[in-house]
1. Which of the residues spanning the range 9-33 are over 30 Å from Glu279 (Cβ atoms), aliphatic (A, V, I, L, M) and either in a strand (DSSP E or B) or modelled with pLDDT under 95 (or both)?
2. Out of all the residues in the range 62-89, which are closer than 16 Å to Pro111 by Cα and charged (D, E, K, R)?
3. Is it the case that Asp43 is among the acidic types (Asp, Glu), on the phi > 0 side of the Ramachandran plot, touching a residue at least 40 places away in the same chain (Cβ under 8 Å) and exposed (fewer than 14 other Cβ atoms within 10 Å of the Cβ)?
4. From the set of residues in the range 195-208 that are touching a helix residue (DSSP H, G or I) at 6+ places or on another chain (Cβ under 7 Å) and near the ligand (Cβ under 10 Å from one of its atoms), which is farthest from Arg271 (Cα to Cα)?
5. Kindly indicate the residue of the range 46-72 that is without any contact (Cβ under 8 Å) to a residue 12 or more places away in the chain and among the acidic types (Asp, Glu) and also nearest to Gly7 (Cα to Cα) among those meeting that condition.
6. Filter the range 166-184 down to residues that are more than 21 Å from Ala236 (Cβ to Cβ) and under 18 Å from the mean Cα position of the chain (by Cα) and give me whichever is farthest from the ligand (Cβ to nearest atom).
7. Restricting the search to the range 76-109, which residues are more than 16 Å from Val33 (Cα to Cα) and surrounded by 15 or more Cβ atoms within 10 Å (Cβ to Cβ)?
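The values are calculated or read from the model by the stated rules, or taken from the named source; none is laboratory data. It should be emphasised that the depicted structure is a prediction, and the values quoted were computed from it without experimental measurement. No Cβ is skipped: glycine too gets one built from the backbone with ideal geometry, and neighbour counts run over all protein chains shown.
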Amino acid sequence: RIVYVNGDYVPEEEAKISIFDRGFLMADGVYEVTTVLGGRLIDFAGHMARLKRSLDALDMEAPAGEDELLQIHRDLVTRNEVDDGLIYLQVTRGNPGDRDFAYPAPGTARPTLVVFTQSKPGLADNPAARAGWKVISIPDLRWGRRDIKTVQLLYPSMGKMMAKKAGADDAWMVEDGFVTEGTSNNAYIVRDGRIITRHLSQEILHGITRAAVLRLAREAQMEVEERPFTIEEAQAADEAFVTSASAFVMPVVEIDGVRLGDGTPGPVARRLRDIYLDESLKTAI
Ligand code: PMP
């Protein structure tokens, strides 16, 4: 696999980053994951807009313009012959030459830009979407600026492992009694045909897929309510699902051991998945 590191395309085993890079020492970095279907990028503009937002929130310099980033994404898709898969982009504050809590003075460290691909043949035809996911609930112990897409992913990783150990597929995180989101996705329930998902704030990541799915739902005359919900309300819901760039719309069929409905993916989640995939393919670049 060829990867991109700070201006160069190199075989992955030759890619090098300094041990003083603040991404490595302090998780001082942000990232984006863009999905590739049929060799084309899904909602690239949305991911670039969120990248800019994350960079601005951390006073971090942009590593390149959007046109250049698009070119890098396309070059890697071509070089690695990615048909279906993901493109991971990470920007860190770079290598100031030594470890220090203070950010490096402007001009003394350049951001580090790393981009690589992950091929996932048949990504859109995931058998898991036909069965649906089981989720468990765990306390949300992350930091308070979850709207910034930083590379501090240790707690979400721990959450994924807790889910696996419990025989589930993911964990929904709960704060002050309400579900925030999944370890790497936004969470939804459906009651009487109405789609309920937590409103945007600093408590959750502003999912690019969330924005697209809510827009498409409204365009299809479905009712959407943006407000927090509890695990108990979710367990009593007609259906549930999560969204993310790589899982698209993934039905949830069980929460903390309680089956929703008949334990199979619900009609709203299935319909939204179809609409989202259809629209994504139409507008991919
Ligand atoms: N929430 C969290 C915590 C995530 O990590 C992700 C995936 N990056 C999402 C939500 C979904 O965001 P998106 O639809 O942009 O992939």
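1. The first filter runs over the range 9-33 and keeps only residues over 30 Å from Glu279 (Cβ atoms), leaving 9-29.
Restricting the remaining residues to those that are aliphatic (A, V, I, L, M) gives 10, 15, 17, 19, 25-27.
Matches in the range 9-33: Val10 only.
2. Correct list: Glu66, Glu68.
3. Details: among the acidic types (Asp, Glu): yes; on the phi > 0 side of the Ramachandran plot: yes; touching a residue at least 40 places away in the same chain (Cβ under 8 Å): yes; exposed (fewer than 14 other Cβ atoms within 10 Å of the Cβ): no.
Criteria not met by Asp43.
4. Ranking the candidates gives His206 first.
5. Restricting to residues being without any contact (Cβ under 8 Å) to a residue 12 or more places away in the chain and among the acidic types (Asp, Glu), the top hit is Glu68.
6. Checking each candidate, the answer is Thr183.
7. Residues of the range 76-109 that are more than 16 Å from Val33 (Cα to Cα), as a first pass: 78-81, 93-109.
Listed by number, the residues that qualify are Asn80, Arg93, Gly94, Asn95, Pro96, Tyr103, Pro104, Ala109.
Condition check ((1) within 15 Å of the ligand (Cβ to nearest atom); (2) touching a helix residue (DSSP H, G or I) at 6+ places or on another chain (Cβ under 6 Å)) across all residues:
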position	(1), (2)
Gly193	no, no
Arg218	no, no
Glu226	yes, no
Phe229	no, no
Glu232	no, no
Val258	no, yes
Thr264	no, no
Leu277	yes, yes
